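Undergrad: Structure provided below as structure tokens; questions to follow.
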Number of protein chains: 2
Amino acid sequence: MQIHDYFDEFARRDWDSGADGTVRFAIVGVGGFARKAALPALADADYAEATVLVTSSPEKVEDAAENHDIDHVLTYDEYHDGAATDAYDAVYVVTPNALHPEAIETAAEHDKAVLSEKPLAATVEGAERAVDACESADVPLMTAYRMQFDPVVRRLREYIRDGGIGDTLQLDGGFAFDVMGGSRGPDQWRLDAELAGGGALMDVGVYPLNTARYLVDADPVAVTATMRGEGVFADVDEHIAFQLEFPDGVTASFTAGFSGYTKSHLSIRGTEGHVELSGSAFGTEDPRRVTVHRNRVRTVVDGPGTSEIREEFDYFAHAVLTGEEIGPDGEEGLRDVRVTTAAYEAAETGERVEIRYS
Amino acid sequence: MQIHDYFDEFARRDWDSGADGTVRFAIVGVGGFARKAALPALADADYAEATVLVTSSPEKVEDAAENHDIDHVLTYDEYHDGAATDAYDAVYVVTPNALHPEAIETAAEHDKAVLSEKPLAATVEGAERAVDACESADVPLMTAYRMQFDPVVRRLREYIRDGGIGDTLQLDGGFAFDVMGGSRGPDQWRLDAELAGGGALMDVGVYPLNTARYLVDADPVAVTATMRGEGVFADVDEHIAFQLEFPDGVTASFTAGFSGYTKSHLSIRGTEGHVELSGSAFGTEDPRRVTVHRNRVRTVVDGPGTSEIREEFDYFAHAVLTGEEIGPDGEEGLRDVRVTTAAYEAAETGERVEIRYS
């Protein structure tokens, strides 16, 4: 069992059975991530394209519309009222977290497939509303966990599922960046507890959480946590350390941070080996490095760097076109919001909180 | 501020002001670690030598005595009765944890300096007895935290203290190995809750715990933990994940394990950078690697590999000869036993446990 075999056709799209057509997206919320990451990825996608922008400031997105040949720019009112529904097949929701449910409900009402950014909502109630709306309308709902579409992560998952490290024992990981860095100031929704549902955990802590869940194929059953926040972070967690308990006593020791030096990593120790995702384990820019330890041999694989966001759009569009089941669906997004909610309760009470999935 | 500067005279003994003489050691407990690690280190030391062995099986240590030119082999009864006290100046206690206090009390009684293996004792009460005995007799007591004498760790500490990564924010680390591997079977004191005071946490979890304390110069104030153990590990923690809270909300997410693939690592993220100790962060064999991230530059330093156990003996002997203060003293060993005791309470109750240091 050699990690090399798994990386031989590194970027293969194991989900791609071929499909006809293109899914046209309305981008709901045109902030930094939509402009810098999503629109370029869509421009490069095989099965997806952007045809509509929904924004509260139409004048501010003129350049983006022009650059990407997008004919329709709608206000939120127009979007909710059903304008230009002929111009798009699916909705990509990339608003502040608390506004996801209403954007998703409208999409469902208009019979549009939905790709929603993570976390699915700011609260369990919001996530339930989103899931219910899409179930009732029978439209696909996916939570945009881009890591699940990074070839490095998919190959690593295959390796782990085939027993590459034996049974999983302990995980550790984290994701932290300077949320105030660059042109970002204190006036951003990520620092607004109402809009974001929390701080570092909601924004970046979900990366180790969901990627771990994906890699080891299990749901955490309990959580303990410690958090802090001060100054501009008075309302949200600037830093959080949370410790998850999975079935069979498997543990995950994770952290998230909104200040200090950027860092992201994930490692999984098993009975027969351990694997590490480093470089930038969860970032959108730097390439990821996989290090595998097995039989006293350490193997390092540096991937070529792939746009996992383009892969994510193509995966979702392919599923919409073919009617295939979606991996990280709304239910999965809801489960993670249950975990983050329990983590905040654990941090506030100082007690181990069991996670209930129904 | 370049990490290179700190590693330029990598192995320098910053504690060595010169000393005359040699400290002669009685080795109390001649198990695998004494034979494979301590005796070879003492043979190579500048200020220390082994002159007495104390064992419950004199016939089994004949080879070791012969190989190292050791003239005195005592039973525990003879040791406690004060035999051959002229033949040694200091005692190195390397018995099962629960037996440290009585060996230390006897050493103090005979006016001998004491270097005791970690953890200082199996219980807080035992550690207090050890500290009290040495204080009353006015003999030096050191807890054998070998990592503090590894040049890699000392250089890294200087770098951190000089602000190399800014203020500390989050730590993560762990140490796990297969306690049943090699010729070791289930009949070993490390799996006996009475003798060891616990499992993986007591034996290897103290490495990230104490090394973190040393590197960031702070004591944890609270802990949460999750543990499991089954089969031969029914009485002790086979695996534990513990999360420490330091002052100012700094957190440390640590793990320890007694089965599965060997792994040890430690990383510290600060406001201005982060550092990682990898390779074998805490092992006695593999060299350690230091990776520093700062100003978007990643620097890797591979040390030449140094016997930190020899360094530890020489440090202690030098302190005994010169009367200088000891870094990891008995009080520090006692503090760590308070932390491990609190961690077990946290794991059993599922609650955050505050750590009291008096």
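Undergrad: Out of B:Asp187, B:Asp235, which single residue is out of contact with any helix residue (DSSP H, G or I) (no Cβ under 8 Å at 6 or more places or on another chain), open to solvent by 20 Å² or more (accessible area, probe 1.4 Å) and assigned by the TED database to the domain that holds B:Ile165?
TA: Values: B:Asp235 fails: out of contact with any helix residue (DSSP H, G or I) (no Cβ under 8 Å at 6 or more places or on another chain).
Sole residue among the options that is out of contact with any helix residue (DSSP H, G or I) (no Cβ under 8 Å at 6 or more places or on another chain), open to solvent by 20 Å² or more (accessible area, probe 1.4 Å) and assigned by the TED database to the domain that holds B:Ile165: B:Asp187.
Undergrad: Collect the residues in segment A:17-38 that are part of a loop (DSSP other than H, G, I, E, B), closer than 22 Å to A:Asp77 by Cα and β-branched (Val, Ile, Thr), keeping them in residue-number order.
TA: Here is the first cut: in segment A:17-38, the ones part of a loop (DSSP other than H, G, I, E, B) are A:17-22, A:29-31.
Next, only the ones that are closer than 22 Å to A:Asp77 by Cα stay: A:29-31.
Matches in segment A:17-38: A:Val30 only.
Undergrad: Of all residues in segment A:238-253, count the ones that are under 21 Å from the mean Cα position of the chain (by Cα), crowded, with 24+ Cβ neighbours inside 10 Å and more than 7 Å from chain B (Cβ to nearest Cβ).
TA: 5
Undergrad: Going through A:Thr143, A:Thr106, A:Thr168 one at a time, which residue ends up being β-branched (Val, Ile, Thr) and over 15 Å from A:Val93 (Cα atoms)? Walk me through it before giving the result.
TA: Numbers: A:Thr143 fails: over 15 Å from A:Val93 (Cα atoms); A:Thr106 fails: over 15 Å from A:Val93 (Cα atoms).
On inspection, the qualifying residue turns out to be A:Thr168.
Undergrad: Pull up segment A:219-232, narrow it to residues that are modelled with pLDDT of 95 or more and more than 10 Å from chain B (Cβ to nearest Cβ), then point me to the one that is least open to solvent (accessible area, probe 1.4 Å).
TA: The residue in question is A:Pro220.
Undergrad: Just wondering, is there one or more residues in segment A:137-152 that are modelled with pLDDT of 95 or more and of a type in the set (Ser, Thr, Tyr)?
TA: yes
Undergrad: May I ask you to list the residues in segment A:277-310 that are open to solvent by 50 Å² or more (accessible area, probe 1.4 Å) and within 15 Å of A:Leu215 (Cα to Cα)?
TA: Within segment A:277-310, no residue meets the criteria.
Undergrad: Right, A:Ala176: without any contact (Cβ under 8 Å) to a residue 40 or more places away in the chain and either of a type outside the set (D, E, K, R) or assigned by the TED database to the domain that holds A:Ala90 (or both) or not?
TA: No, not satisfied.
Undergrad: (1) more than 8 Å from chain A (Cβ to nearest Cβ); (2) modelled with pLDDT of 95 or more: which one isn't true of B:Ser278, the others all being true?
TA: With (1) more than 8 Å from chain A (Cβ to nearest Cβ); (2) modelled with pLDDT of 95 or more applied to B:Ser278, the lone miss is (2).
Undergrad: In this structure, does B:Met147 turn out to be part of a strand (DSSP E or B) and buried (at least 17 other Cβ atoms within 10 Å of the Cβ)? Reasoning before the result, please.
TA: Working: part of a strand (DSSP E or B): no; buried (at least 17 other Cβ atoms within 10 Å of the Cβ): yes.
Against the criterion (part of a strand (DSSP E or B) and buried (at least 17 other Cβ atoms within 10 Å of the Cβ)), B:Met147 does not qualify.
Undergrad: Of all residues in segment A:210-244, which are of a type in the set (A, V, I, L, M, F, W, C) and not in a strand (DSSP E or B)? Walk me through it before giving the result.
TA: We begin by selecting, within segment A:210-244, every residue of a type in the set (A, V, I, L, M, F, W, C); these are A:212, A:215-216, A:218, A:221-223, A:225, A:227, A:232-234, A:236, A:240-242, A:244.
Within segment A:210-244, A:Ala212, A:Leu215, A:Val216, A:Ala218, A:Val221, A:Val232, A:Phe233, A:Ala234, A:Val236 meet the criteria.
Undergrad: When you scan segment A:22-38, do you find a residue that is open to solvent by 40 Å² or more (accessible area, probe 1.4 Å) and over 20 Å from the mean Cα position of the chain (by Cα), even just one?
TA: yes
Undergrad: I've got another one for you. Quick check on segment B:167-184: of everything there that is charged (D, E, K, R) and farther than 30 Å from A:Gly257 by Cβ, which residue is most open to solvent (accessible area, probe 1.4 Å)?
TA: The first filter runs over segment B:167-184 and keeps only residues charged (D, E, K, R), leaving B:167, B:172, B:178, B:184.
Those still in the list that are farther than 30 Å from A:Gly257 by Cβ too: B:178, B:184.
Numbers: B:Asp178: 62, B:Arg184: 104 Å².
Checked segment B:167-184; the qualifying residue most open to solvent (accessible area, probe 1.4 Å) is B:Arg184.
Undergrad: Can you pull out every residue in segment A:104-132 that is free of Cβ contacts under 8 Å to residues at least 40 places away in the same chain and either open to solvent by 20 Å² or more (accessible area, probe 1.4 Å) or in contact with a Lys or Arg (Cβ under 7 Å, 6 or more places away or on another chain) (or both)?
TA: Listed by number, the residues that qualify are A:Glu105, A:Glu109, A:His110, A:Asp111, A:Glu125, A:Arg129, A:Asp132.
Undergrad: Here are some residues: B:Gly174, B:Gly163. Which one is under 13 Å from B:Ile268 (Cα atoms) and in contact with a helix residue (DSSP H, G or I) (Cβ under 7 Å, 6 or more places away or on another chain)? Reasoning before the result, please.
TA: Values: B:Gly163 fails: in contact with a helix residue (DSSP H, G or I) (Cβ under 7 Å, 6 or more places away or on another chain).
After ruling out the rest, the residue left standing is B:Gly174.
Undergrad: Another question, then. Is it the case that A:Leu99 is aliphatic (A, V, I, L, M) and assigned to a helix (DSSP H, G or I)?
TA: Details: aliphatic (A, V, I, L, M): yes; assigned to a helix (DSSP H, G or I): yes.
In short, yes.
Undergrad: Of all residues in segment A:311-352, which are open to solvent by 10 Å² or more (accessible area, probe 1.4 Å), β-branched (Val, Ile, Thr), in contact with a helix residue (DSSP H, G or I) (Cβ under 7 Å, 6 or more places away or on another chain) and farther than 21 Å from A:Arg155 by Cβ?
TA: Of everything in segment A:311-352, just one residue is open to solvent by 10 Å² or more (accessible area, probe 1.4 Å), β-branched (Val, Ile, Thr), in contact with a helix residue (DSSP H, G or I) (Cβ under 7 Å, 6 or more places away or on another chain) and farther than 21 Å from A:Arg155 by Cβ, namely A:Thr341.
The values are calculated or read from the model by the stated rules, or taken from the named source; none is laboratory data. This one's a predicted model, so the numbers in the text were calculated from it and none came from an experiment. So basically every Cβ, Gly included, is an ideal-geometry build from the backbone, and we count neighbours across all protein chains shown. We work out accessible area using only protein heavy atoms, side chains counted, and drop any ligands, DNA or RNA first. Shrake-Rupley method; radii C 1.70, N 1.55, O 1.52, S 1.80 Å.
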